[in-house]
Amino acid sequence: MHLDAEALIDFARGCAVLGSGGGGPVADTLPVAAQAIEECGPVPVVAPDALADDALMLPVSLVGSPAVAAERIGGRAEAERLAAHVAGLHGRPVAAVMSGEIGGQNGPFTVACAARLGVPLLDADSIGRAFPRLDQNVLELAGLSPSPAVLADEYGRTVVLDHIDGAYLEELARQVVAVFGGRAVSADYPLTAGQAARHAVRGSVTRAVRLGRGEEPVPLLTGKVAAVRRPGDGAAGVLLEGTGADAGRLVQVRARSEFVAAMEDGRALALVPDVIALIDARTGWAVPVEEARYGLRVRLVTLAADPVWYTEAGLRLAGPAAFGLDGLTHGPGREEAR
Amino acid sequence: MTVTVGVDVGPSSTDAVLLDAGRPVLAVKVPSRPGDAVGSLVGAVTRLPADQRARAGALAVGLRVAARAVTGRSGLARVGVLRIGGAAADTVRPLFGWPEELRAAVCAGVANVAGGTGLAPLDGAPLDEPAIAAFGAELAGRAEAFAVSSVFAPVDGAQEREAARILRAHVGPDVPILLSGAVGALGLVPRENATVLDAALSVLVARVADELTAALPGLGLAPDADILVTRHDGTLMSLDYLRRQPGLSLGSGPACTLRGAGLLAGLRAAVVVDVGERRARVGVLSGGYPREAAPGERIGGVPVSLRFPDLLTVDADDHRGIAEAADRMQPAADRLPVVLVGGGAPRVPDAALAGFEVVRPEHGDVAGAFGAAASPVGGGAERIVHRPGALDAVRDEVRELARASAVRAGADPRRVRTVLDPEEFVPYLPGAVLLRARAFGPPSPL
């Protein structure tokens, strides 16, 4: 498969769904990818096992604030500088780009990186959705080291973090990103194609394209946003009121940077790590947490995350308790995943 | 006792109303003169009785010239587009993704020079002054207007102002130079697009502003009467402000009709259906002002940072469509009344809106003109606060910026009221908060 101008839009629409309301607005990075494809050509998408086992992957993600990234849109040389650093650290060239996070704006952003570098995009990513912390990814669960992690800004200022674990990466990277002014491009959890084949979330690029083409699950609820509360610190509550066949139903969707729970009558219809998305009935695009607003017509959909997220270790890293939702029991997404 | 004349220059008819202490006392409707907004206005205003309009101290005008110029790609100035961000902000080039004809109609030349600032003290780069001078020299005599956008201009606009000074030296005193910092919202590409549209509209809008100013003495209003024009958020601005930000008038027609409908019906929260000859527009009033569309709106196919009224448009004769749109726009469980206005409203029977409380206010056929006459002068500002502890000071600063923007737009500085919107957390930037304030006031007496 190739991501050309047309497939890119489907891919981006799917990335927005997999963002579970987080990961930053896809609309900001879609033109970044579109221009890269226009200038450098369509991006081939390859499965990890189509590459040599020891081929060096460039795992990339934008980290920091999407609001800052919407202002500092980045430079064309950014991916090349980052790739040169990573290649230098590992002593061989980068063979493919892998998205650090398929959900939200990182999906299209990594397409742009692959296009500019002239390498394929791996049909895999490190999460399978979006999560707020850098160490909330399946490579951490697989025991891979996050270091040497490389953080760079659009001027090419670079920080290498070495000999650290995932929790330390999260702490230190946030400090670096703050000094960078709220935006950086990160290459963390460096890996080979073989490691990606064994440990990454496989097929996530093609999954996003399929989702974007309309292979959407049956909605849990069709309705409208009746209230939005934002107590701060990324927490938000969105009250959905059913319409049409769902009239009379009320569902509360809770967010902690991402949508993390959909509750009806005290029961979880869906619960993190399930993907929970509100699809704007008018545009067909998933709605970021920060853009949920009163009166919006939406479909509430849920998708199972990668099965590894439902293991004991996965739930400890990014399950309900990691988002302050202790005591909530799992919704139907978990059964589907098994 | 304040008397105001409100005018709505629509595509088919031009409406004028006379307001005395907020209540309509007279309304007239005349056919619009195609392509002549000011002639249409004069035709309508002079139909109001001379003794009545002689008491009017303000003329509030709803114009659609900007919207028509963008959709019709006519009357647009050729713009020199200068971005300040250099190689650190070139993944999306200026005007990327614009519809080709619009780009061709607007673009006189594009440059992206080094510079830009940020949230952290060490962010950003020095301004490449020679490159700006070269751009100004290259486009002098060719560009009819300039749009300047720098990275993080809403936080620090100094480089944009410096760039404007350099350009001015090359292009002379008469070419409009518009700065993105005045447009305000964060998000470089949509803010730049909005600034380019402002610049593209500036020549046309300046001509209309001149015509309005020239026509004013002949309208027979009070000797010191002032002219205000409507904007997208349901407030008013002065002609000078319109010259600086013509894009603010985009979407102003529906915004004023929504406000006028609510005021005529005595409702601050309502679903409003404006039925025209061919199309019906359905919007929502919340707190007396139009509910905004979600971010990411486009005008003429271009994503812009402007916030437009949230509208659904359906065929005016499709009554089922109107009912469905009125239902879709209902914000929540408590059903809002549906206010029917516009010239085509009588053609929509109550039965088509079964289940809604339908309100048909008197003078609903001139709701736009009424909304213009009865609206305050407005302003707004937004800021991202990154340092914890600074919040209180920045709250005051944002309020003050909004207040100053309303005063610049023509509000009476003594009577401006500011409203701080609910603070928004900035995702993934710990400690950062987005503050937004709006300001409203009656027109300045000067």
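Summary table below
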item	result
Kirkwood-type radius of the protein assembly as shown, with distances r between different C-alpha atoms, in Å	27.4 Å
Cα shape, the range B:162-321, gyration tensor, a/c 1.5 rule	oblate
Label-point gap, in nm, between B:ARG414 and B:VAL25 - each point 7 angstrom along Cα→Cβ	2.4 nm
Shielding by partners - mean other protein chain Cβ count within 10 Å, residues of B:91-97	6
Other-chain or far-sequence residues with amide H under 5 Å of A:TYR189's (modelled H)	A:SER147
In order through the range B:14-29: 3J(HN,Hα) via Karplus (6.51 cos²θ - 1.76 cosθ + 1.60), integer Hz, x for Gly, Pro	10, 10, 10, 10, 10, 10, 10, 6, x, 10, x, 10, 8, 9, 10, 9
Ranked list, fewest to most other Cβ atoms within 10 Å of each Cβ, for B:LEU401, A:LEU325, B:LEU236	A:LEU325, B:LEU401, B:LEU236
Ordering of B:307-318, B:4-15 by packing [mean C-beta count within 10 Å, highest first]	B:4-15, B:307-318
Burial ordering of A:TYR310, B:TYR289, fewest other beta-carbon atoms within 10 Å first	A:TYR310, B:TYR289
Per-residue HN-Hα couplings for the range B:59-67 [Karplus 6.51, -1.76, 1.60; θ = phi - 60°; Hz; x = Gly/Pro]	10, 10, 10, x, 10, 10, 4, 5, 4
Under 19 Å from the B:ARG279 label point (7 Å along Cα→beta-carbon), backbone N, the range B:87-104	B:99, B:102
Radius 9 Å from Cβ of A:ARG76, net charge of other residues (Lys, Arg +1; Asp, Glu -1)	-3
Computed FRET value (nearest 0.05) for B:ARG68 with A:GLU38, which takes r as the C-beta separation and R₀ as 41 Å	0.85
Loop trypsin sites (Lys or Arg not before Pro), the range B:73-148 (other Cβ atoms within 10 Å of the site Cβ: 13 or fewer; DSSP)	B:ARG142
Integer Hz, Karplus 6.51/-1.76/1.60 couplings in order for the range B:93-103, x for Gly and Pro	6, x, 6, 5, x, 6, x, 4, 5, 5, 4
Cβ crowding within 10 Å averaged over residues, with B:243-251, A:208-216, B:257-265 ranked highest first	B:257-265, B:243-251, A:208-216
Peptide A:274-283, shielding by other chains (average Cβ, 10 Å cutoff)	1
Angle between chain A longest axis and helix A:26-40 axis [Cα atoms, degrees, rounded to 10]	30 degrees
The range B:260-327: C-alpha gyration tensor shape, a/c 1.5 cut-off, then a/b vs b/c	oblate
Inter-chain shielding of A:61-67 (mean C-beta neighbours from other protein chains, 10 Å cut-off)	4
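Read-outs throughout are calculated quantities, based only on the coordinates presented, and are distinct from any laboratory measurement. The model shown is predicted, which means the values in this text are computed figures rather than measured ones. As a convention, Cβ positions derive from the backbone with ideal geometry for all residues, glycine included, and neighbour counts pool all protein chains shown.
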